[in-house]
Amino acid sequence: MADVVVVSNRGPLSFRLDASGRPEPAGSGGGLAASFHRLLAGTGATWVFAPMGEADRLAAAEGLMLEDGLRLVTVPLDADTYRMAYDVVSNASLWYCHHHLFDLPRRPRFDRHWREAWDAYRRLNRAFADAVAGAAAEGSVVLVQDYHLSLTGRMLAEARPDLATVHFSHTPFAGPDMLRVLPSDVAGELLAGMAGFGCCGFHTRRWEAAFRDCYADPELAGSARPLVAPPTFHSPLGPDPEAVLEEAAAAECDSAAEGLSASIGDRLAIVRVDRIELSKNILRGLHAFDELLERRPRWRGRVVLVALAYPSREGLADYLAYRSEVEHTVSRINERWATGDWTPILLDLADDRARSVAALRHYDVLLVNPVRDGLNLVAKEGALANRNDGVLVISREAGAWAELHPAALGVNPFDVTATADALDAALAMDAAERARRAGELRRLVAGRTAADWLADLLGAADRLSLAGR
Ligand code: F6P
């Protein structure tokens, strides 16, 4: 088998500074980094990633980025280049574009400052491509993850045509109308970068089609010598069922569950677990709960919304503002409905994985209502961890809807009234129907694991090698 090189912005290890300014391990963020970490542990694969802050950079310089059974390669990047590429381009521009988050009457504004950030994004992509070119053995399979690294496809095709490169997007793809918001030359450079990969993968057929549509748009792909889309495939990621069940059975989770049960008592629990992230639609979820209490008085005092939302991307003003809007909205709804012995919404902003898994174990209803989401792993982890025949209420704009719709209640995430109705239906569902749906959900989720997803990526790379691409 060819050597495997994984390339992503966020790596398997991260550090924070302790009180004396020394780097200490801080665990890794969730999502794709955690999934890959479990899949690759002990395989000897190479993982190329960015040091994301001062603590990571110090740790890399001191040789602390080490893990048995993995070859870790950090990409040398100065702090300014990284901040502009990550905050301004990757998070505030490309993430917004792919998730349709732009507030178009006001933003984005592509001015000369933004152009400096785009130059930083190019430098970051170049530094990654150089690091991969230096680390990859002849004929390696290179699995590049996400929108941070759109330009590396073309760079690697030029520098190392022997490599079988596969790009995978964990986000949706913008589609032509939204991609046309980017400056024309930038959109063209991005599509040219992606066209350099041997092939590109997505979680759903819908995101794959949106990507291909961009190459069919002459405004984006050019008309004289139009860019040609690379081969594409779709393959949804799944959790590792054993890992989720292990987490749910751990002593740490038991003690978090005790704390949670004490706060919920014998009431029903609607649970949500998200990063504080604009695309997760936390605010409309809160408004839907408010409307539920208003229009269906029978639930007052009988149900609690457990909203676990851990901070993320706090370098962006929008995210800080969103966080305070969430806190303010929770206070307002609680002031409106709380009684002496009932607090309707329990909001917790701690980043505590054991507590999140405990809440997934416990829910009667799991609310996953993003405005747009590449997949949503929480919906799938919830199905495995839950011990209560809980009902999943999920946005039709989440990639996971494509797989889970036979067993879940779907909602239009913009429709607060419909979301309140779906919560009502889920809370009122009879035991037999809940059990039927929960069983079907578990079957759907357990039938497609993280290992199946990785096998699809490696299969796509194999086909490239055979085709000599
Ligand atoms: O593709 C989405 C993703 O990379 C997820 O894997 C993860 O949950 C999230 O974005 C993390 O974003 P960041 O690394 O910027 O915190």
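Nothing in this text is a laboratory measurement; each read-out follows from the coordinates by a stated rule. Remember, predicted model here, so these are calculated numbers, not experimental data. Cβ: placed from backbone, ideal geometry, glycine included. Neighbour counts: every protein chain shown.
Figure the gain on full extension for Arg443 and Ala133 (residue separation times 0.36 nm, minus the Cα-Cα span) and round it to one decimal in nm. Before the final figure, lay out the partial values.
Numbers: separation 310, 0.36 × 310 = 111.60 nm, distance 4.15 nm.
So the extension gain works out to 107.5 nm.
What do you get for GluC sites (Glu not before Pro) in region 1-90 restricted to DSSP loop and a cutoff of at most 11 other Cβ within 10 Å of the site's Cβ? Before the final figure, lay out each step's value.
On the way: sites: Glu54, Glu62, Glu67; in loops: Glu62.
Of the GluC sites (Glu not before Pro), the ones in loops of region 1-90 whose Cβ has at most 11 other Cβ atoms within 10 Å are Glu62.
The tail of the calculated P(r) for the chain, taken as Cα-Cα distances beyond 40 Å, holds 20 percent of the pairs. For a modelled paramagnetic label at Asp162, 7 Å from Cα along Cα-to-Cβ, no residue of region 74-88 is in reach, as no backbone nitrogen comes under 16 Å.
Would you please name the GluC sites (Glu not before Pro) within region 109-193 that are DSSP coil residues with at most 10 other C-beta atoms within 10 Å of their C-beta? If you can, show how the numbers build up before the last one.
Working: sites: Glu116, Glu138, Glu158, Glu189; in loops: Glu138.
Answer by residue number: Glu138.
With the simple spin-label model, which puts each label point 7 Å out from Cα in the Cβ direction, the Asp119 to Ala451 separation comes to 4.9 nm.
Cβ-Cβ distance of Ala41 and Ala192, R₀ of 35 Å, FRET efficiency by 1/(1 + (r/R0)^6): the value works out to about 0.50. Distance between the 7 Å Cα→Cβ label points at Arg83 and Leu64: 2.1 nm.
Subtracting the Cα-Cα distance of Glu54 and Arg71 from 0.36 nm times their residue separation leaves 4.0 nm of extension gain.
Based on the mean of other beta carbon atoms within 10 Å per residue, what is the order of 233-244, 392-403, most packed first?
On the way: 233-244: 19.7, 392-403: 24.2.
In descending order of packing, they fall as 392-403, 233-244.
Modelled label positions at Arg463 and Arg295, each set 7 Å beyond Cα in the direction of Cβ, lie 4.5 nm from each other.
Taking region 270-367, which trypsin sites (Lys or Arg not before Pro) meet the DSSP loop condition and have no more than 16 other C-beta atoms within 10 Å?
Details: sites: Arg272, Arg275, Lys280, Arg284, Arg295, Arg298, Arg300, Arg302, Arg313, Arg323, Arg332, Arg336, Arg353, Arg355, Arg361; in loops: Arg300, Arg302, Arg313.
Answer by residue number: Arg300, Arg302.
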